[in-house]
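Chemist: Got a structure for you, written out below as structure tokens; questions coming shortly.
Rule-based calculations on the coordinates, nothing more; no lab input. Note that the structure is predicted; figures quoted are calculated from it, not measured. Cβ atoms come from the backbone with ideal geometry, glycine included; neighbour counts cover every protein chain shown.
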Amino acid sequence: MKTLNLVKKLNLRNLALVGIFAMALFAVSCDKANDDYVPTSSEEMELKAGKAVKKSDMSIAEIAIGAGFDSLVVALQYVDTELDAGLVDLFLNGTDQYTVFAPTNDAFVGLVGEGKISDLPAEIVLNVLLYHVTDGRRAANSVLPKKEGQMKKIETLNGQTFQVDYTGTIYTASGGMASIVTTTPGATFNISASNGIIHVIDAVIVPELN
């Protein structure tokens, strides 16, 4: 099982605290009360037809570093330094495919306020980060349910789940909420990387902490 292999790679002693994070920009419109919406771009037409989002030449980590996800990168580097987690290398050089729900910098401000990510215990930060990642390449048409009133369950690398409704609203196991967002008007949901897909979200989602 890929998740267990990842835990072994991270060489963590406390599996109960394992977790991560993650990003978004190119796929389907969330403006679909049912599944007969009209695609507005070639990318959406391909997704509607069940075709995969094409891989880019840049890895998840390269996109995160270059696209202004500074707080996320700081969080990854923090757990790497404190726990020897190897997350930056995993998302920079790894070949396994992951889908990352990547909080914006403002989302991290909502989590730590005027403090710093390093003010939090590294084990908790790792747990939170892993809650933002799921196995495989999951474009928006795989993340969002097809109809209003439905919910899609997402299994994450920290072992817990969250749910997504057809508008892209995320509901966490701990009772929190976030939304998958776009960064430019008219843009769709997916940012494609060589080793996965990023969906940008507007809040840090927090799992149930033991």
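Chemist: Would you please give the residues with an amide H less than 5 Å from that of residue 56, counting only those at least 5 places away or on a separate chain, with H modeled from the backbone geometry?
Modeler: The answer is 193, 194.
Chemist: Something else about it: Rounded if a/c is under 1.5, else prolate if a/b beats b/c, else oblate: with a ≥ b ≥ c from the C-alpha gyration tensor eigenvalues square-rooted, which is region 49-175?
Modeler: oblate
Chemist: Here's another thing I want to ask about it. Along region 125-135, what does the Karplus equation 6.51 cos²θ - 1.76 cosθ + 1.60 (θ = phi - 60°) give for ³J(HN,Hα), rounded to whole Hz, x for Gly and Pro?
Modeler: 4, 4, 4, 5, 4, 5, 6, 9, 10, 10, 5
Chemist: Restrict the search to region 115-210; then list the GluC sites (Glu not before Pro) that DSSP places in a loop and that have at most 15 other Cβ atoms within 10 Å of their Cβ.
Modeler: 148, 208
Chemist: Could I ask something else about it? In the structure displayed, which of 54/146; 116/153; 54/116; 55/146 lie more than 26 Å apart, Cα to Cα?
Modeler: Those over the limit are 116/153; 54/116.
Chemist: Amide H to amide H under 5 Å from residue 201: which residues, 5+ apart in sequence or cross-chain, H placed 1.01 Å off N in plane?
Modeler: 102, 104, 181
Chemist: Arranged from highest to lowest average of other beta-carbon atoms within 10 Å per residue, in what order do the peptides 132-141, 169-178 appear?
Modeler: The peptides rank, most packed first, as 132-141, 169-178.
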